[in-house]
Amino acid sequence: MFNTLSDRLAQTFKNLRTKGRLSEADIDATVREIRRALLDADVAVPVVREFTGQVRERALSVEVSGALNPAQQVVKIVNEELVGVLGGQTRTLRFAKNPPTVIMLAGLQGAGKTTFAGKLGRWLKEQGHTPLLVAADLQRPNAVTQLSVVAERAGVPVFAPHPGNTSGADAEDGPVIGDPVAVARDGVETARQRQHDVVIIDTAGRLGVDALLMRQASDIRDATQPDEVLFVIDAMIGQDAVATAKAFEEGVDFTGVVLSKLDGDARGGAALSVTGVTGRPILFASTGEKLTDLEVFHPDRMASRILDMGDVLTLIEQAEKAFDAEQAAQMAAKVESGQDFTLADFLVQMQQLKNMGSMKKMLGMLPGMGQMRDAIENFDEREVDRIEAIVRSMTPAERENPKIINGSRRARIARGSGSTTTDVNQLLERFENAQKMMRQVARGGGVPGMPGMGGIPGLGGGKKARGRQAPQRKVKGKSGNPAKRAAQERAAAARAAGQTVAGPSAPGSAFGVGGGAASSDQAGAGLDGLELPPDLEKYLGR
């Protein structure tokens with residue numbers, strides 16, 4: 001959503017970093033580029049004017065002039081101001097002291113209210129609540145049916161006493177079908193009787209703001225006295241976001257904003273405009289079509305994404321939900337015990353990775369990934385499925401011991417998974433690298449590719465990186481021959497323990513003194529009886 005804005009800001013800050021000291025002209029040029037970037041992203045003009053004014057004022061202050069790195073200080077200022085424009089602090093839903101908590105959804109037709117109702121119901125259910133959806137949109141064709149289907153998929157009950165408009169014709173200009181106000185009121189009463197602690201009311205929308213829409217929404221609000229009125233707005237609406245938000249603010253006085261379709265390719269100015277114009281916080285962001293694609297909106301994390309600083313906290317939260325703690329503990333214990341990482345373990349890890357959602361989204365949350373945006377966009381999400389198919393085409397013995405996979409087995413695996421032998425070979429090669437890394441970790445050597453740890457190309461483990469490393473000094477007295485060095489180490493351990501050293505390595509055995517079974521003391525006694533040249537005696541400590 002914010003790719004264009006992010007790229008423009010990144011380029012602006014890149015130019016700043018080349019300067020050790022910032023002049024007023026440098027700051028003015030930077031602010032000018034930020035202004036252009038925001039306007040190109042469809043951010044409302046009043047918001048842009050206020051934002052750039054704050055950035056310029058702070059950039060010209062002692063805060064920057066006295067900083068060791070002025071460019072980084074300007075980036076910090078822009079980040080803080082972005083957080084302020086997006087709402088400052090994270091605001092969560094307010095629940096009623098006496099259940100049920102009533103949440104009313106408002107917005108234009110096509111903004112995504114019905115889908116969001118299902119997503120919110122599922123999210124609340126995961127939080128331990130017992131939500132009830134109320135179908136108060138009796139105007140849009142088959143809106144009640146759509147809400148019922150979404151509610152069933154979300155595993156949430158729905159209150160729909162009236163079928164609404166089932167004719168397929170738009171009833172916007174025709175007679176009113178049913179009484180949405182009565183449906184909303186009865187829905188709240190039903191939730192109270194059935195002891196549902198949250199009620200989500202899906203209301204009708206219009207293609208544009210009109211008096212009938214606002215009157216109906218206002219009547220539903222007066223009848224149900226909702227604890228939260230959430231204004232659902234399409235993030236791709238552009239400059240019209242300001243006028244629409246102001247109209248709904250005057251008509252229903254909403255308490256929070258929901259951004260839908262945040263995964264689109266529009267410029268995303270609505271996200272930066274609505275809160276700045278209305279002063280109402282953004283509570284949720286819908287990031288996809290699946291019922292699981294719903295995020296609590298964190299202004300600081302969104303600002304970090306826009307500035308290509310990543311969103312590691314959200315990534316960690318998603319990983320905690322997707323990964324099984326018990327399986328992770330078992331894997332850690334297996335690595336610590338020195339057991340080999342197998343393809344069966346690899347398959348489990350891949351499945352848990354799939355549970356986290358889109359790989360593109362996860363990669364996009366890592367810091368600095370804006371520079372690799374083209375590669376991320378070209379990444380095929382089905383690659384994970386192909387890898388899983390290849391591993392599942394192997395026998396249990398092959399997963400436990402990949403070394404037995406010869407040419408005929410590879411051909412069979414390729415046919416079974418619908419891939420090629422080359423794909424199987426590449427997977428086995430990547431797995432072998434992963435296995436080596438796990439062995440390195442088990443030995444306490446850390447992850448290959450980090451400083452002092454060879455392995456992953458591009459992370460310090462390639463041939464060039466090894467060539468840059470300082471040459472290792474040979475320890476004096478230790479042989480480079482593995483067999484001979486092992487014998488030396490055994491002999492040294494035996495001498496330290498005061499044990500007999502057998503074989504040719506025993507002291508004096510080369511002179512025929514202190515034979516193989518002789519102890520070190522006997523050997524010393526034999527040498528004492530020898531008549532040696534005076535010059536040699538000093539080397540024997542005499």
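Selection of region 29-61 for residues being open to solvent by 50 Å² or more (accessible area, probe 1.4 Å) and of a type in the set (D, E, K, R) yields 32, 33, 35, 36, 40, 49, 50, 56, 57, 58.
Of all the residues in region 401-434, those that are at pLDDT below 90, open to solvent by 80 Å² or more (accessible area, probe 1.4 Å) and more than 30 Å from the chain's Cα centre (by Cα) number 1. Scanning region 100-128 for residues that are in a strand (DSSP E or B) and crowded, with 24+ Cβ neighbours inside 10 Å turns up 103, 104, 105, 106. Checked against (1) touching a helix residue (DSSP H, G or I) at 6+ places or on another chain (Cβ under 8 Å); (2) more than 14 Å from residue 78 (Cβ to Cβ), residue 23 passes all but condition (1).
Each row is one residue, and each column tells you yes or no for (1) over 13 Å from residue 104 (Cβ atoms); (2) in contact (Cβ under 8 Å) with a residue 12 or more places away in the chain; (3) open to solvent by less than 30 Å² (accessible area, probe 1.4 Å).
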| position | (1), (2), (3) |
| --- | --- |
| 203 | no, yes, yes |
| 211 | yes, no, no |
| 217 | no, yes, yes |
| 223 | no, yes, no |
| 231 | no, yes, yes |
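Quick check on my filter: what residues within region 6-28 are exposed (fewer than 15 other Cβ atoms within 10 Å of the Cβ) and not in a loop (DSSP other than H, G, I, E, B)? The answer is 11, 14, 15, 24, 25, 28.
Every residue in region 386-400 that is touching a residue at least 12 places away in the same chain (Cβ under 8 Å) and either assigned to a helix (DSSP H, G or I) or within 26 Å of the chain's Cα centre (by Cα) (or both), please.
The initial filter retains those residues of region 386-400 that are touching a residue at least 12 places away in the same chain (Cβ under 8 Å), namely 386-394, 396, 398-400.
Of everything in region 386-400, those that are touching a residue at least 12 places away in the same chain (Cβ under 8 Å) and either assigned to a helix (DSSP H, G or I) or within 26 Å of the chain's Cα centre (by Cα) (or both) turn out to be 386, 387, 388, 389, 390, 391, 392, 396, 398, 399, 400.
Of all the residues in region 208-231, those that are over 23 Å from residue 119 (Cβ atoms) and not in a helix (DSSP H, G or I) number 4.
Identify the single condition in (1) open to solvent by 50 Å² or more (accessible area, probe 1.4 Å); (2) under 30 Å from residue 30 (Cβ atoms) that residue 97 does not satisfy, given that it satisfies every other one. Of (1) open to solvent by 50 Å² or more (accessible area, probe 1.4 Å); (2) under 30 Å from residue 30 (Cβ atoms), only one is false for residue 97: (2). Restricting attention to region 129-149, the residues that are modelled with pLDDT of 90 or more and in a loop (DSSP other than H, G, I, E, B) total 2.
The values are calculated or read from the model by the stated rules, or taken from the named source; none is laboratory data. This structure is a prediction, so every number in the text was calculated from the model and none was measured. Note that we place each Cβ from the backbone using ideal geometry, even for glycine, and neighbour counts take in every protein chain shown. These area figures cover heavy atoms from the full protein model, side chains too; ligands, DNA and RNA do not enter into them. Shrake-Rupley method; radii C 1.70, N 1.55, O 1.52, S 1.80 Å.
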